[in-house]
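Before any comments, here is the structure.
The values are calculated or read from the model by the stated rules, or taken from the named source; none is laboratory data. From a predicted model like this one, the values you see are computed outputs, not experimental measurements. So basically every Cβ, Gly included, is an ideal-geometry build from the backbone, and we count neighbours across all protein chains shown. Note: areas computed on protein heavy atoms with side chains; ligands, DNA, RNA excluded. Shrake-Rupley method; radii C 1.70, N 1.55, O 1.52, S 1.80 Å.
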Amino acid sequence: MLATGAVLAALTPVVSGPATPAMGATYRHVDAAHDVEGMPAFFGPYHHVVRNRQNDVVRLRVAHGTTRIRIGVTLRSSSMKGLRRRDISLSLKTHGDMYEGTIHETHKGTDFILGEKKTHAQRTCASFRAGRHGRVLWLSFNRACLHRPRWIRAGVSVSSSTGSRFFADNALSDNWRDRVPNIYTPKIRSSK
């Protein structure tokens, strides 16, 4: 009986583990808590805001599958209380181009904007889906939006505004002064 229980316990993570993109790769990062920076009304010096939970990224997951790219950002709190908006800023490098995107989350819903960095041309990405599941803010879009790249590197940051204050956290840096997503994941390859 004990041996059967041990075998079942050993197999459980394999059977019930998180799904990964078919034939693709996933990058996971654990970001330090309490590394948010803030400033008053978009002007003035930045300062460390240890207590801010609504922008504090603790985990990042970027999955590059055969058909879709999925990004999940886990915050200490996904509450929108007191916020006018919250943005997830993306900087995406591929073998052929660079893209910048933003997920705008407001009390009315979520929008996604994606553009080519060199030409500033906006990309139509009608296949996107975005939302919130618990403390995870997520985005999923078709690889065709980035011309089906062989690999991607992603930079991710989360920012918000209360109207009188601005807050930000870089999802890939434990340094609270790194607000822009100019730190990138390693190459995440798709099998196609």
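Just a few scattered comments:
- For the range 64-108, a residue qualifies if it is crowded, with 18+ Cβ neighbours inside 10 Å, closer than 13 Å to Pro149 by Cα and not β-branched (Val, Ile, Thr), and the qualifying residues are His64, Gly65, Arg68, Leu92, Lys93, Tyr99.
- Count - residues of the range 151-162 that are surrounded by fewer than 18 Cβ atoms within 10 Å (Cβ to Cβ) and farther than 12 Å from Ile69 by Cα: 2
- A single member of Gly96, Gly101, Gly44 is within 22 Å of Cys125 (Cα to Cα), outside any strand (DSSP E or B) and out of contact with any helix residue (DSSP H, G or I) (no Cβ under 7 Å at 6 or more places or on another chain), and it is Gly96.
- Number of residues in the range 163-192 that are open to solvent by 50 Å² or more (accessible area, probe 1.4 Å) and in contact with a Leu (Cβ under 8 Å, 6 or more places away or on another chain): the value is 1.
- Selected residue (only one of Asp87, Asp178, Asp174 is acidic (Asp, Glu), in a loop (DSSP other than H, G, I, E, B) and modelled with pLDDT of 90 or more): Asp174
- The range 109-127: number of residues that are modelled with pLDDT of 85 or more, open to solvent by 60 Å² or more (accessible area, probe 1.4 Å) and over 19 Å from Arg153 (Cα atoms): 1
- Being surrounded by 13 or more Cβ atoms within 10 Å (Cβ to Cβ), farther than 21 Å from Lys192 by Cβ and either modelled with pLDDT of 95 or more or of a type outside the set (Phe, Trp, Tyr) (or both) is true of Arg135.
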